[in-house]
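Take a look at the structure set out below.
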Amino acid sequence: MSRVYLIRHARPSASWGGDDDDPGLDAVGKAQAEAAAKALLALPESARPTRVISSPLRRCRETAAPFAAAIGATVEIDPAVGEIPTPKGLDPAERGPWLRKAFAGRWADIEGDLDYEAWRARVVAGAASHPGAAIFSHFVAINALVTALAGQPEVIAFRPDHCSISVFELADGALRLVERGPEATTQVL
């Protein structure tokens, strides 16, 4: 049995729907990333992640960097634990309203050119392929994992805060939720 930790990225310098489609962290986000690294380092050595996996997006890579540096690891990029894909042809200014509608519904009902239930299954498989890892990912991807494991059809099960650390156990290739990370006190929407 092995643990897998999913960490939501720290606060970015811009929100989705803005001019920058791949923002890095702001000053608060950088402090949050350092705090997340300290929290992971404070785990008992037998439970501490030994690998660092990140979504391809800059906010996740920058959140992962302090922990990777502390344990002398390379940040491995895995698109399977990345951000939910926007439908092709959707204007960037429409991403926010599209996400808000998706958040309020079920995986099977998300509008777009992608099978979002299959995307959710890829997130689960991606996370399960990284035993002993700290995986730096996104609000929706973490919810994809939590809702899939609980058998919930809804898109949102909880609202992980920036740098929220959720804990999973991996046994015989299957993940089980051990503990959800702290929830945001403010709305993502």
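Observations
- Residues of type lysines that Lys30 reaches as a straight line, Cα spacing below 22 Å, ignoring anything fewer than 8 places off in the same chain: Lys38
- For the pair Asp115 and Glu76, label points projected 7 Å from Cα toward Cβ lie 2.7 nm apart.
- Under a model in which nothing but the beta-carbon of Lys, Arg (+1) and Asp, Glu (-1) is charged, the stretch 2-179 shows a dipole of about 440 debye around its Cα centre.
- Most fluctuating residue given options Arg61, Arg51, Arg100, as computed from a GNM of the chain linking Cα atoms under 10 Å: Arg100
- When you restrict to C-alpha pairs under 8 Å that are six or more residues apart and normalise by the size of the chain, the relative contact order lands at 30 percent.
- Distance histogram for the stretch 128-183 (every C-alpha pair counted, 5 angstrom bins, percent rounded to whole numbers): 4, 20, 31, 29, 14, 3, 0
- Kirkwood analysis of the chain, using all unique Cα-Cα pairs, places the hydrodynamic radius at 16.5 Å.
- Counting only DSSP H runs of at least 4 residues, each contributing -39500 (n - 2.57), and dividing by the residue count of the chain, the helix-based mean residue ellipticity at 222 nm comes to -10500 deg cm²/dmol.
Every number here is computed from the coordinates shown, using simple stated rules; none is lab data. Quick caveat, the model's predicted, so the values are computed rather than measured. Neighbour counts run over all protein chains shown; Cβ positions are idealised from the backbone, glycine included.
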